[in-house]
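The next block holds one structure in the form of structure tokens; read it before the comments.
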Amino acid sequence: MGFWAEAEFFATNPFIDSGLAISTDGQLKHMTFNKQKVVYTSCPENLDIDHSDYLRCAIFSDTLFGKDRNIAYQAPCT
């Protein structure tokens, strides 16, 4: 699918997105997937990472196991 066809597809299907899937052995694969509901939360103080202005915490659904996962990550400055 070309860039413009893909852009038109996602514009008409707002609950579908594309991205990279990373396997447990580090292999990358381009795929489309249903968008998830993301719940942004405040980060706990006891994280084992440096706190910065870019630190974000959220709860994502693990679609494989059907559980919620608390994720902390550094968001890029946009």
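The values are calculated or read from the model by the stated rules, or taken from the named source; none is laboratory data. As the structure is a prediction and not an experimental result, all values here were calculated from the model. Backbone-built Cβ (ideal geometry, glycine too); neighbour counts: all protein chains shown.
So Gly19 fits all but one of (1) loosely packed, with under 12 Cβ neighbours inside 10 Å; (2) outside any strand (DSSP E or B); (3) modelled with pLDDT under 80; what number is the exception? Of everything listed in (1) loosely packed, with under 12 Cβ neighbours inside 10 Å; (2) outside any strand (DSSP E or B); (3) modelled with pLDDT under 80, Gly19 misses just condition (2). Give the number of residues within segment 23-70 that are part of a loop (DSSP other than H, G, I, E, B) and of a type outside the set (Val, Ile, Thr). Of the residues in segment 23-70, 22 are part of a loop (DSSP other than H, G, I, E, B) and of a type outside the set (Val, Ile, Thr).
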